[in-house]
Amino acid sequence: MSATYKVGDFLVIDNDCAKNQFEILSVSPKLIKLRDSLSGVQSERKVRELDELVVSGVAIIHPKNTRERELLDTNVIDFASYPEELKQKARERYVFVSEILGQNLKSLSAKRLSPIVEKIYQENSFKEISKKPSVRAVRYWLDNYQQSNCSIRALLPRNHAKGNRDAKLESIYEPYIEKAIEYFKAPEQPSVAKAYDHLATLIHFDNRVIPISKKMKVPTLTAFIKRLEKYAKKEIIAARLGKAEANKLFKLNQLSQDITFILQRVEVDHTSIDLFIVDSKLSMVLGRPYITVLLDYKSDSILGFYIGFEKPSYLSIARVLRHSILPKGYIKERYPEVQNAWECYGIPKVLAVDRGKDFESIALIDACHDLNIRIERNPGKHPWYKGSVESFFKSLNEKLLQDMKGKVFPNIVDTNLYNPEKNAIITMDLFLYIFHIWIVDLYQPDFTSKRTIIPRESWIEDLDSVPRRIMNENSLDIVLSEVSSRMNSSNGIVLNHIWYDSDELVKLRSEIGFTNVQLKFNREDLGYIYVLDERDPLDKRYFKVPAKDQKYANGLSLHQHQVIKTFNKNKLNNKYDPEALACAKMKIIELISDYLNSTSSKKTFSNQKISRFFDIGQQKDQSVRSSVVDIPTTFCSEPQSISDCNESQHNSEAEIPTEELEIYDGKDNTLPDKLDF
């Protein structure tokens, strides 16, 4: 009878910090006596306790018998994975072995075994055993079976151990074979026959100068093919098609560590939604928005998302982090038709990202350090390392967007069959309403595509054992803002040609003088900055400083500001003073208004840029901006008439430092005077 634990075997226990090896000294039904192989200290462990460790993989048994270790190692394939012919031979051998062991014979002599073997052979019909096995062969089967802890794998024929395994070609042929293999691996993908012909040509060419008695014979085609088969297929494909294609074909889908709890690892990625969105008031097609998603790997739950026309950038990542970390209390008020609670929120331990530039920004690295989130960068061109979030995007397209008007079908070449732009009717506010219902009431409570996990249940079952970190909303905003430093001058602080000042800032410079101070700014709203007060080394803190010109800066995004600055410089030829920027801002609003009223507003590409300019989509407070007409009143505050803006240049309130830095890193930031994007 087989046993899990046997005297003389070894038990290796991995406790995360170190691996400890113990020798089994004695075995009883309830207790196992062990000896630490390193220290020699003896101890006793309960069998049930060790069983649980073995089942979970924390403890691994290493049999003393090498044959048993070879057959029962955790990396060895199971019996079902062997070829049917070998399995059938093992089954028939098992008939002999099990019958003999069942008789509890005291002696296995030839005289005692011979009649038993004869009887077994006569009473059974065997397919693979064509003649009665010898007593010696049966003894060999018995020994292997018992030494392998009664595993049927020990009865499998060991064909791999038979015969001479040494190379049959002389060493003189090796250089020629290697050259022929390199020829076969060429990007032109020559056939095996062509590579073999190349081998023959190389040998015949050298035979010209070799005496007849020493001329080389060309190896057979079979020998060359066997040598080719020894080379890894991945290596050959990499040589022919490139490493990227080889990595896709021979990809590894598992992670470097086990993920056992929620928030232990989350994946983040962006994609363009396969759906055209229309303006809720003008009914014109705005374009295809982007979605950024944060997905919990263990439960497949969606922690948070951002949907809008902001291109993949640190801003979209900061928005999805904020949405993921904070509780989703807004849902009951804004989306009353959502039935279930969305319990998913918290600060993750590991953030899995790809090699995109938006994931390599200093702002993201600093924010994650602050939040104690470790960034895990996947290898380049290895999207399967973030397979869970990629699978979610697939589910989004197949389950939610499948029947929506305006859905993009990449496989439809003839747009006359179905034009998604002409059929688009979904507005941004409607889409976000539908998306929340789908996430909370359909995606979270249902099985994932692999039919193994229900995200909502998997998340809830870990809540009692995983403490979730949460933080103040304002503190989180500061953490997710971007850091810079500027001079606290007599006129205040200027950041990207916008002046900031306050009573507290005046007090700061009156005490420490005109010095550089550290500050943080938010790309979503340049109406304020946070300035670091370092006067008390034990109590450093940020305080909020508003922009002087709130009519211009309040609610203004960095992207909008950069577009206005570029337009002011290239089209209006004005200096960077507050009034000139305000005039440029109003001129852009006027041009966009003219454009929207013209027939050219049917250009989706242009509309998509305008949608980004007006930040159509999900807002910081989880409200929705769904029309380019829904512009905040502060954004359209007119300091003076447009005609006045075109007259004389305006003097700045204070001189702009020449070392003022351009901190914006976006593209496509100009609005030509005719808006011909």
Q: For Thr66, state whether it is of a type in the set (Val, Ile, Thr), at pLDDT below 85, surrounded by fewer than 16 Cβ atoms within 10 Å (Cβ to Cβ) and touching a Gly at 6+ places or on another chain (Cβ under 9 Å).
A: no
Q) Looking at (1) loosely packed, with under 15 Cβ neighbours inside 10 Å; (2) at pLDDT 90 or above, can you tell me which one Arg486 breaks? A) (1)
Q: Give the residues of the stretch 380-404 that are in a helix (DSSP H, G or I), basic (Lys, Arg) and at pLDDT below 80, sorted by residue number.
A: Lys386
(Q) Quick check on my filter: what residues within the stretch 169-223 are aromatic (Phe, Trp, Tyr) and surrounded by 13 or more Cβ atoms within 10 Å (Cβ to Cβ)? (A) Tyr173, Tyr176, Tyr183, Phe184, Tyr196
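A quick yes/no check of all residues on (1) among the small types (Gly, Ala, Ser); (2) in contact (Cβ under 8 Å) with a residue 60 or more places away in the chain; (3) not in a helix (DSSP H, G or I):
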| position | (1), (2), (3) |
| --- | --- |
| Lys520 | no, no, yes |
| Ile529 | no, no, yes |
| Asp539 | no, no, yes |
| Val545 | no, no, yes |
| Tyr552 | no, yes, no |
| Leu556 | no, yes, yes |
| His561 | no, yes, no |
| Lys569 | no, no, no |
| Leu581 | no, yes, no |
Q. Can you name the condition, by its number, that Lys565 falls short on among (1) at pLDDT 90 or above; (2) outside any strand (DSSP E or B); (3) among the basic types (Lys, Arg)?
A. (1)
Q) Going by the conditions given, is Ser465 surrounded by 14 or more Cβ atoms within 10 Å (Cβ to Cβ) and touching a residue at least 12 places away in the same chain (Cβ under 8 Å)? A) no
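For (1) touching a strand residue (DSSP E or B) at 6+ places or on another chain (Cβ under 6 Å); (2) in a helix (DSSP H, G or I); (3) under 23 Å from Glu85 (Cα atoms), each residue gets a yes or a no:
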{"position": "Asn104", "(1), (2), (3)": "no, no, no"}
{"position": "Leu108", "(1), (2), (3)": "no, no, no"}
{"position": "Leu113", "(1), (2), (3)": "no, yes, no"}
{"position": "Glu118", "(1), (2), (3)": "no, yes, no"}
{"position": "Tyr121", "(1), (2), (3)": "no, yes, yes"}
{"position": "Ser125", "(1), (2), (3)": "no, no, yes"}
{"position": "Lys132", "(1), (2), (3)": "no, no, yes"}
{"position": "Ala137", "(1), (2), (3)": "no, yes, yes"}
{"position": "Trp141", "(1), (2), (3)": "no, yes, yes"}
Q. Inside the stretch 113-135, can you point out the residues that are farther than 16 Å from Ser98 by Cα, without any contact (Cβ under 8 Å) to a residue 24 or more places away in the chain and of a type in the set (Lys, Arg)?
A. Lys131, Lys132
Q) Do we find a residue being part of a loop (DSSP other than H, G, I, E, B) and either within 23 Å of Ser316 (Cα to Cα) or of a type in the set (Asp, Glu) (or both) anywhere in the stretch 474-493? A) yes
Q. So which pairs qualify, if the first residue must be in the stretch 386-401 and farther than 18 Å from Glu376 by Cβ, the second must be part of a helix (DSSP H, G or I), the Cβ gap must be under 7 Å, and the two must be at least 6 apart or on different chains?
A. Leu400/Trp438
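Check Thr452, Thr448 and return the single one that is among the polar types (S, T, N, Q), in a loop (DSSP other than H, G, I, E, B), over 29 Å from Leu364 (Cα atoms) and in contact (Cβ under 8 Å) with a residue 12 or more places away in the chain.
Thr448
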Q | Qualifying positions in the stretch 426-449 - over 22 Å from the mean Cα position of the chain (by Cα) and of a type in the set (S, T, N, Q) | A | Thr427
Q: Using the structure shown, decide if Leu463 is modelled with pLDDT of 75 or more, assigned to a loop (DSSP other than H, G, I, E, B) and not aromatic (Phe, Trp, Tyr).
A: yes
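The values are calculated or read from the model by the stated rules, or taken from the named source; none is laboratory data. Because the structure is predicted, anything quoted here is derived from the model rather than measured. Note that each Cβ is placed from the backbone with ideal geometry, even for glycine, and that neighbours are counted across all protein chains shown.
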